[in-house]
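Each reported figure results from applying straightforward, stated rules to the coordinates on display, with no laboratory input. Everything quoted here is computed from the prediction, not taken from an experiment. All Cβ positions, glycine included, derive from the backbone under ideal geometry; neighbour counts span all protein chains shown.
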Amino acid sequence: MSVVSIMQPAYLPWLGYFDRIVKSDLHVVLDHVEMDKSSQTKFSNRNRVRTPSGWTWLTVPVKTKGESACLPIKNLAIAHHSDWRRKHWNSIRGNYARAACFEQHAEFFEGLYQKNWELLGPLLTESTDYLLRAFEIAPRLIRSSDLDPQEFKSDLILELCRKVNASVYISGPFGRDYLDRAAFAQASIALRFHDYPHPQYEQAFDGFEPYMSAIDLLFNHGGNSRGMLESTVHSLKSE
């Protein structure tokens, strides 16, 4: 049995992103498509971090006008109309400097924001790869752009699953709204929907805010993060 997940790359992804990868034998990075523009699922260039008053967005500005609007994520250019690197690092350092494990990872993130990134794709790769290592996750990864897919939407997901010989596909909860279940059944690929039960843990400030970037857990709990981010097998549901 080969269990496969497919997700667009994300900026400083949340915990559920990594939990789905943990539950997969192979993860396909969906980098050949345009960036998701839905307010509910748009995380390729932004994510949330904890603040004393709740949370705030960290958003990487990207060029989305003209020809840039149709570019795949891997080729999407970063806009330089604001000093976003300085702002992101200052926000991270300012909000997490007193977190128990921040200093263990500060050097990497300071260096990350000192680089002059031109494209979004390489930034997402370098930051996510670091988080995978920090969480001691060693997945098999492949990029959709290396598979030369031709289809769209549900047919695209099914095409990618076939190309990597998947027997089980782990979808996010929104897959319930668009995946063609009959087509997956005909292809003998079982569908599982990932409903992530978000863990609650001690954060740098009073109260608890769920759905932060995974750096929130990492900076607060360091080496204990892997066990805390993993949900139980019951987060996967077949319907």
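Some points to look at:
- Residues of the stretch 179-210 that are in contact with a Ser or Thr (Cβ under 9 Å, 6 or more places away or on another chain), farther than 24 Å from LEU15 by Cβ and not in a helix (DSSP H, G or I): ASP180, SER188, ILE189, ALA190.
- Extreme residue, surrounded by the most Cβ atoms within 10 Å (Cβ to Cβ), among residues of the stretch 211-232 that are part of a loop (DSSP other than H, G, I, E, B) and under 15 Å from the mean Cα position of the chain (by Cα): ALA214
- When ASP36 is tested against (1) assigned to a loop (DSSP other than H, G, I, E, B); (2) surrounded by 20 or more Cβ atoms within 10 Å (Cβ to Cβ), only condition (2) is not met.
- Some residue of the stretch 84-94 being aromatic (Phe, Trp, Tyr), surrounded by fewer than 16 Cβ atoms within 10 Å (Cβ to Cβ) and in a helix (DSSP H, G or I): no
- Residue satisfying all of: in the stretch 39-57; buried (at least 22 other Cβ atoms within 10 Å of the Cβ) and out of contact with any Ser or Thr (no Cβ under 7 Å at 6 or more places or on another chain); nearest to PHE152 (Cα to Cα) among these: SER44
- Number of the exception - VAL29 against (1) crowded, with 21+ Cβ neighbours inside 10 Å; (2) in contact with a Gly (Cβ under 7 Å, 6 or more places away or on another chain): (2)
- Scanning the stretch 145-175 for residues that are under 18 Å from the mean Cα position of the chain (by Cα) and either among the β-branched types (Val, Ile, Thr) or under 30 Å from MET228 (Cβ atoms) (or both), we see that the one that is surrounded by the most Cβ atoms within 10 Å (Cβ to Cβ) is ILE157.
- Test for HIS80: is it free of Cβ contacts under 8 Å to residues at least 40 places away in the same chain and in a loop (DSSP other than H, G, I, E, B): yes
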